[in-house]
Structure formats: C-alpha cells, structure tokens
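This report concerns only the one structure given below.
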Amino acid sequence: MSGKREVKVLFEEANGVYLSMQGKSRNKRKRKKEFKIGIAYEGWQERYPGSKEYKTVEKIAYAGYLTPEEFSNLREAYVCEKYNVDEIKYRILNGDGAAWIEKGHDCEGSVFQLDPYHLSKSVIRAVKDKKARAHIFKWLKKGELDKVYEKIEALKYNCDGLVSEIKKLSDLRTYLKTHEKGIKGYQSREEIKTTSLPRRFNL
C-alpha cells in the first residue's frame, strides 16, 4: 500500500545508541544493546519568522531494538504509509557509516552521505595539528581525497612513532576509504539537480 502524499525529495537520517539492559532483557554477555532510531522529513523551515533556528517539515520517526533487516522493513513501512514512493526522485540518507543504516536503502534515487558531525569528529579525533586538520577539511569539502590521504600518511611520520597516534590516523584513512561515496554532501554532487531540492520552506 502506498501513501498519497507526493514529494520529489525525502530526507532521511538514522543512528544507533547503545543502552544498558536491565531486568529480564539483560543478557549476562551483552549488557548493552543498540537502539536504532530513524527519521524522515521533507526539508526545514524557520521556527518562527526571522528565526535563526529551523525545524523539520513533516517529520516521521521510528525506532526499536531491531536487526538491520527489521529496521529496513520498518523504515519502508513508515515511508510507504505516508508517501507515494513512485514520485520520490531522491531519497537522501544521512548516517555515520554503520553498515545497517544503508541496508535496504538501494532503490533508484537513493543517495547516502556521511553525517557532517561524525565526519568532522573522526578527523578531529585523529588529527591533532589544527593547520593540518583545516587543510583536510578543505580537501574533503572539495572532494580532493588524494590530497587527504597523502596528508594522513605524512602525519604518520611526524608523530614520533607513537603507535596510538599512528593507529588513529590509519583508522581515519580506513573510515574515509570505506565511505568515499558518502563524503561529498548531496548539494555538491553533479548527478543531483540541486535546484529541485527543497531544503527550506517559507512559513
């Protein structure tokens, strides 16, 4: 069954939070369990006229202690209940790169991008040098990944052989390599006609 509401673009976000289990739900081996959360919305609008703060438009939310497949099915159920999915041109998914987030999000027009907050956090955690960090952010924004990787390798030779620092830089490189397709924001992607993306709505 498909919903009646029609939009060309649907924005989606997903994240997971590990929560401590109590009572009968508590497993002796696994004291924490991931609670998966997802939302979908059509864009943003000012909270009030002239406001610098924005709120999402037509937001729907869903969550639960779910397997990746269950989460994917729940997401589709909520979206299909409200929207005529055949009319959606782009479904832009924002996430931290966890494999379960992208599961099932492979229909035509699906776009995944790394959450800017998590991307920024991963760089800050691994790169102590603020100047080097600024260069990396600039190159990431421009999509000049070769320069990013070269800089990361160069930084490894400047950390006095500290294993912990080298590991952080190596982990950063792996993270970026694994999610290369999601590094560039949807606004900067040539295959997407940004003029059709309703990022903000007027009150």
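The values are calculated or read from the model by the stated rules, or taken from the named source; none is laboratory data. Predicted model only: the values in this text are computed from it and were never measured. Neighbour counts run over all protein chains shown; Cβ positions are idealised from the backbone, glycine included.
Taking the criterion of being aliphatic (A, V, I, L, M), more than 21 Å from residue 98 (Cβ to Cβ) and either modelled with pLDDT of 90 or more or not in a loop (DSSP other than H, G, I, E, B) (or both), the residues of region 153-203 that qualify are 154, 155, 163, 166, 169. Please verify whether region 152-173 includes one or more residues that are in contact (Cβ under 8 Å) with a residue 40 or more places away in the chain and loosely packed, with under 14 Cβ neighbours inside 10 Å. For region 152-173, residues in contact (Cβ under 8 Å) with a residue 40 or more places away in the chain and loosely packed, with under 14 Cβ neighbours inside 10 Å: present.
Taking residue 185 as the residue in question, decide whether it is of a type in the set (Gly, Ala, Ser), touching a Lys or Arg at 6+ places or on another chain (Cβ under 9 Å) and on the phi < 0 side of the Ramachandran plot. Spelling it out, residue 185 is indeed of a type in the set (Gly, Ala, Ser), touching a Lys or Arg at 6+ places or on another chain (Cβ under 9 Å) and on the phi < 0 side of the Ramachandran plot. Take the conditions (1) under 30 Å from residue 177 (Cα atoms); (2) in a helix (DSSP H, G or I); residue 81 misses just one of them, which is (1). Selection within region 103-133: residues that are of a type in the set (A, V, I, L, M, F, W, C) and within 17 Å of residue 75 (Cβ to Cβ). The member of this set that is surrounded by the fewest Cβ atoms within 10 Å (Cβ to Cβ) is 107.
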